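Following: one structure in structure tokens, then a few remarks.
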Amino acid sequence: MLYYLIAAVIIALDQFTKYLVVKYMELGQSIPLIADVFHLTSHRNMGAAFGILQNRRWFFIVITTVVVIGIVISLIRLGKNQPRASLALSLVLGGAIGNFIDRAMTGQVVDFLDFTLINFPIFNVADMAITIGVGILLLDVFLDGKKNR
């Protein structure tokens, strides 16, 4: 149950921050938090990471549905036996559902975290959760591989 709560917190935080961006910022508006390093920039993405696969709304809805089902099944199987992998999956689950909500409702994902120093693609809380979750999964695979040797 803890892992679903973590996913729910990610979804709520993601949707709340996106709501604030949509409500209080104009599309394209950029607010420097650290000038020339980190800005809040109101952006919409109709594709995936780095803007690939633009205008493939139904593709993303189907893929995300399959991924969410797979994660829920994995969480049921792993549960408390593999807490690191379950934590990682809960982060990915929350992030996937957060972006899924945007795609299902409007066909585009609200992005706003903008590292201008390195010209990195603009992203959001859901993207961070997915990235951190995948990182933890990779760490888990690496650590389990070392343990099994």
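Taking the stated definitions as given, is residue 106 at pLDDT 95 or above and over 16 Å from the mean Cα position of the chain (by Cα)? Outline the logic, then answer.
Working: at pLDDT 95 or above: no; over 16 Å from the mean Cα position of the chain (by Cα): yes.
Criteria not met by residue 106.
Residue 97 - would you say it is closer than 29 Å to residue 141 by Cα, modelled with pLDDT of 95 or more and open to solvent by 40 Å² or more (accessible area, probe 1.4 Å)?
Values: closer than 29 Å to residue 141 by Cα: yes; modelled with pLDDT of 95 or more: yes; open to solvent by 40 Å² or more (accessible area, probe 1.4 Å): yes.
Here the answer is yes, as residue 97 does meet what is asked.
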Pull up the stretch 14-54, narrow it to residues that are open to solvent by less than 50 Å² (accessible area, probe 1.4 Å) and of a type in the set (A, V, I, L, M), then point me to the one that is modelled with the lowest pLDDT. 48
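Kindly indicate whether residue 29 is over 24 Å from residue 138 (Cβ atoms) and not charged (D, E, K, R).
Working: over 24 Å from residue 138 (Cβ atoms): yes; not charged (D, E, K, R): yes.
So residue 29 fits the description; yes.
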Suppose the filter is open to solvent by 40 Å² or more (accessible area, probe 1.4 Å), at pLDDT 95 or above and in a helix (DSSP H, G or I); does residue 134 pass it? yes
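The values are calculated or read from the model by the stated rules, or taken from the named source; none is laboratory data. Keep in mind that this is a model prediction, so the values were computed, not measured. Positions of Cβ are backbone-derived with ideal geometry, glycine not excepted, and every protein chain shown enters the neighbour counts. When the accessible area is computed, the model is the full protein with side chains, heavy atoms only, and any ligands, DNA or RNA have been set aside. Shrake-Rupley method; radii C 1.70, N 1.55, O 1.52, S 1.80 Å.
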